[in-house]
Amino acid sequence: DVKVTQSSRYLVKRTGEKVFLECVQDMDHENMFWYRQDPGLGLRLIYFSYDVKMKEKGDIPEGYSVSREKKERFSLILESASTNQTSMYLCASSLDPGYSPLHFGNGTRLTVT
Amino acid sequence: QQPVQSPQAVILREGEDAVINCSSSKALYSVHWYRQKHGEAPVFLMILLKGGEQKGHEKISASFNEKKQQSSLYLTASQLSYSGTYFCGSNTGKLIFGQGTTLQVKP
């Protein structure tokens, strides 16, 4: 089974802090994704990556950046955390989203105070 | 632009049927369907790859009308285990999800 592991289940940070959310997958998938989930808004795409060092903006990239130095790891960075970034963050990987499923991690619940 | 799902919420009795619709404003290459239970990660149900294609998963099936840029998920003879939030994902070059449909099945 594909395993997508997010480093923290819960995280509490202060406004202005730089925050790193880490995601690792063990199936050699080319494609990795970061979504945030908020009640009533569904899953919104922040960034995705289709190869090492390659990244594409999703629908809500403002205030975020990403890093993919190795194929198995995709990091989401909040350069200066703000309270409106309090949310559930979900990482996912896929062989090819055109015809293969996304495998999700268990999520990181981030609270910015 | 997120695809639009309808209804937003539905309550069923065990054994009843439900349909969840997903509509995109952009051309679709494929459509994904996932179910998420409270506190858990979304779980894959199925992908539809071609216009008009229907796929099935136990008593859950789906259709995809490429021309209308729409997909529908059909849940027949619902079970308590079907409760959760259902998301469609539209693949338009990037995978964008709808806002979700909450389904509650009561005994």
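Laboratory data are not the source of any read-out in this text; all were calculated from the coordinates shown. Predicted model, so just to flag it, every value in this text is computed and none were measured. Reconstructed Cβ throughout: ideal geometry from the backbone, glycine too, with neighbour counts over all protein chains shown.
How high is the relative contact order of chain A? Use alpha-carbon pairs under 8 Å, at least six apart in sequence, and give a whole percent. Don't skip to the end; give the middle numbers.
On the way: 300 pairs, mean separation 41.0, N = 113.
Result for chain A is 36 percent.
For a paramagnetic label modelled at 7 Å from the Cα of B:Glu58 toward its Cβ, which residues of segment B:86-101 fall within the zone defined by backbone nitrogen distances under 17 Å?
B:86-87, by backbone N distance to the label point.
Would you count, across chain B, every pair of lysines whose alpha carbons are under 21 angstrom apart, provided the pair is eight or more residues apart or spans two chains?
Lysine pairs meeting both conditions in chain B amount to 15.
Take every residue in peptide A:34-45, count the Cβ atoms of other chains within 10 Å of its Cβ, and give the average of those counts. Intermediate values should be presented prior to the final figure.
Numbers: counts 0, 4, 0, 6, 1, 2, 4, 4, 14, 13, 4, 6.
Per residue, the average neighbour count from other chains is 5.
In whole Hz, what ³J(HN,Hα) sequence does segment A:97-110 give by Karplus (6.51, -1.76, 1.60; θ = phi - 60°), x for Gly and Pro?
x, x, 9, 10, x, 8, 10, 9, x, 7, x, 10, 8, 9
Roughly how crowded by other chains is peptide B:42-48, in terms of the mean Cβ count from those chains within 10 Å of each of its Cβ atoms?
On the way: counts 10, 3, 6, 1, 1, 6, 0.
Other-chain Cβ atoms within 10 Å of each residue's Cβ, averaged: 4.
Assign unit charges at the C-beta atoms only (+1 for Lys and Arg, -1 for Asp and Glu), then state the dipole size of chain B relative to its Cα centre in Debye, rounded to the nearest 20. Write down the numbers at each step before the final one.
On the way: 11 positive and 7 negative charges, 50 e Å.
Taking the Cα centre of chain B as origin, the dipole is about 240 debye.
Work out the length of the dipole vector of the protein assembly as shown about its Cα centre, built from +1 on the beta-carbon of each Lys and Arg and -1 on the beta-carbon of each Asp and Glu, and round it to the nearest 20 debye. Could the numbers behind the result be given before it?
On the way: 26 positive and 22 negative charges, 65 e Å.
With Lys and Arg at +1 and Asp and Glu at -1, about 320 debye.
Report the charge-dipole magnitude of segment A:4-112 in Debye, nearest 20, computed about the Cα centre from +1 at each Lys and Arg Cβ and -1 at each Asp and Glu Cβ. Spell out each step's value before the answer.
Details: 14 positive and 14 negative charges, 79 e Å.
Using only the charged Cβ atoms, the result is roughly 380 debye.
Rounded to the nearest 5, what % of DSSP beta bridges with both residues in the protein assembly as shown are antiparallel? If you can, show how the numbers build up before the last one.
Working: 73 of 82 bridges.
Around 90 percent of the beta bridges assigned by DSSP in the protein assembly as shown are antiparallel ones.
Would you work out which of B:Phe64, A:Leu78, B:Ser23 lies farthest towards the positive end of the dipole of the protein assembly as shown, given +1 charges on the beta-carbon of Lys and Arg and -1 on that of Asp and Glu, about the Cα centre?
A:Leu78
Let me confirm one metric for peptide A:99-105, namely the mean number of other chain beta-carbon atoms within 10 Å of its residues' beta-carbons.
Details: counts 6, 4, 10, 9, 4, 7, 1.
Per residue, the number of nearby Cβ atoms from other chains is 6 on average.
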